[in-house]
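Structure first, then comments.
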Amino acid sequence: FGEVTDKNSYAVLCIEEDSKIPVSSVFQDAATSGQSSAEFRLLDCKYKLPDSGKTIAERFKLDLTKRPTIFVSGKVGPPKQIPSKHLKTGNMLAKALKNLLERRAVKIETTQDLRTKCLNQNHCALLLKGTSKSVDGATRKAMDKLLKEQPKVAFAFVDTVNHYVKNLEDILPLQVEGKHRFVVFEKVSGSLAAGDSRLITSMTSIGPNGVTYVTMSNLVASVLAKTATTTMKKLTVLPQIKTRTKKLLAEEEARRERKNAPVTTPSSAPSSPTSNDGTREGRRAERERRRAEHRAKTGYREKTPEEIQEMERKRRIRMEEEAAKWNMAPDDAPEEGDPLDGDDGSTGTGTGTGTGGSGFDASLLWRQVEQQQGCQSVLAPFPSSNSCLVSSPPPRHMCNKQAGPSCHTPNHSPS
């Protein structure tokens, strides 16, 4: 059916050889209109193929119940049936055949479209439109002519009024309203297929003032002939499609200025940038600027070394005063082994011992507690030894209760 030779395209109507039904008027009108480049043929789709024993309709999955049964083949590949919605009139069929058989530039709207339909091809020509409307007649004719002349090159276009091609437009001439730019990509290595290496491509371009049929044709031909190697630029990052916004354009303009800025010697270069340009020095300058504004607004003043030293001296004095409230001075502590005297000058004679084993008698303290509470208190056992610790005064309902097995209420006489 012509798909092997890749030269001709056919529009085929399925009709039995001995059929008495006339040829479809839709098919005849499309053939006589001259709008399609396809060659129109008649074929008996119920003919059985000798190798497989299947009919042509069964072999290529054609639905004979849909009348008329028309399919295309040739450059588009294996036979493909025309949907019934395009078979109402001859003009509709001719337009459907034209869309199916004739090559056309694809529209790019997303990053995925750009990568699959253009960058992943061996060669791709991309027209960056300078208008959101349809291109002018001269550019359209030039693209149609290139599509016929260069069958091995994929052609695409993108509206750069509403979209921005990041990682590509920053190395192209600036956009001029109403003017187009033209870029030719050539795959270097890799692909988008899973398991394959990363896709790497190169490009060369024509500025907004030189896009004509002659310049575009010569550029494509030079890339195919490998004579444009001096102007080809390898892209380190694949281009992306972004929505064109003022914020994005401002960022890209600053990026372009940084890239195109002349290299200055260290002696003539400024010590630090005055604005935040995204670099480390720029961010540091931005922080210092904001800090100065805040201090000027709040009346902040840097402290002198003498003021800092005075603050430290006062802090140490406060720390010593707080420590004196909690610590026992060495002169006030009793000698080791001496009993603790009470307020009335008597010493305790109870059987309790201190936690340190120094003979400390807690009966005096308990005597004072008993006088205040009006009842006998208990001693709480120390968890790690047989000695007892003075517990906090118990509630009245716990008076006269037995203490733990290792402690007892001290016996003492009133003072």
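Between Val188 and Lys233, the modelled labels are 1.3 nm apart [label points 7 Å from Cα along Cα→Cβ].
Annotation: amide H of Phe182 within the under-5 Å range of Leu128, Ile206, sequence separation 5 or more or interchain, hydrogens built in the peptide plane. Placing pseudo-labels 7 Å out from each Cα toward the beta carbon at Val176 and Lys98 gives an inter-label distance of 3.3 nm.
An oblate overall shape is assigned to segment 135-226, the ratio a/c of its alpha-carbon gyration tensor axes (a ≥ b ≥ c) being 1.5 or greater and a/b not exceeding b/c.
How charged is the neighbourhood of Thr201? Take every other residue with its Cβ under 12 Å from the Cβ of Thr201, and add Lys/Arg as +1 and Asp/Glu as -1.
Values: positive: Arg115, Lys187, Arg198, Lys233, Lys234; negative: Glu186.
Net of charged neighbours comes to +4.
Within the shell defined by Cβ-Cβ distances under 11 Å, the residues around Thr279 carry a net charge of +1, with Lys and Arg each +1 and Asp and Glu each -1. For a paramagnetic label modelled on Glu253 (point 7 Å from Cα along Cα→Cβ), amide N atoms under 18 Å away belong, within segment 161-187, to 161-167, 169-178. Backbone phi angles across segment 203-215, fed through the Karplus curve with coefficients 6.51, -1.76 and 1.60 (θ = phi - 60°), yield HN-Hα couplings of 8, 9, 8, 10, x, x, 9, x, 7, 9, 4, 5, 5 Hz in residue order; Gly and Pro are listed as x.
Would segment 2-64 count as rounded, prolate or oblate if I go by the C-alpha gyration tensor, calling it rounded below 1.5 in a/c and otherwise prolate when a/b exceeds b/c, oblate otherwise? In terms of gyration-tensor shape, oblate.
Length gained on full extension, Thr65 to Glu293, computed as 0.36 nm times the residue gap minus the Cα-Cα distance: 73.9 nm. Its relative contact order, with pairs defined as Cα atoms under 8 Å and 6+ residues apart, puts segment 106-250 at 30 percent.
Among His86, His180, rank each residue by its count of other Cβ atoms within 10 Å, from fewest to most, as a rough exposure measure.
Values: His86 18, His180 23.
Exposure proxy ranking, most exposed first: His86, His180.
Shown is the FRET efficiency for Lys46 and Thr89, computed with R0 = 25 Å from the Cβ-Cβ distance and rounded to the nearest 0.05: 0.40.
Multiply the residue separation of Lys148 and Lys54 by 0.36 nm, subtract the distance between their alpha-carbon atoms, and state the gained length in nm to one decimal.
On the way: separation 94, 0.36 × 94 = 33.84 nm, distance 3.68 nm.
Stretched out fully, the Lys148 to Lys54 stretch lengthens by 30.2 nm.
Beyond 30 Å in Cα-Cα separation lie the following of the pairs Lys117/Lys141; Lys141/Lys259; Lys141/Lys233; Lys166/Lys226; Lys61/Lys187: Lys141/Lys259; Lys61/Lys187. Among residues other than Val220 whose Cβ falls under 13 Å from its Cβ, what is the net charge (Lys/Arg +1, Asp/Glu -1)? With Lys, Arg at +1 and Asp, Glu at -1, the neighbours total +2. Were the residues from Thr111 through Ser217 laid out at 0.36 nm apart, the gain over their Cα-Cα distance would be 35.6 nm. Classify segment 28-147 as rounded, prolate or oblate, taking a ≥ b ≥ c as the square roots of the eigenvalues of its Cα gyration tensor: rounded when a/c is under 1.5, otherwise prolate if a/b is larger than b/c and oblate if not. Here segment 28-147 falls in the prolate category.
The numbers here are math on the coordinates, done by the rules we state, and not lab data. Everything numeric here is computed off the predicted structure, so don't read it as measured data. Note that we place each Cβ from the backbone using ideal geometry, even for glycine, and neighbour counts take in every protein chain shown.
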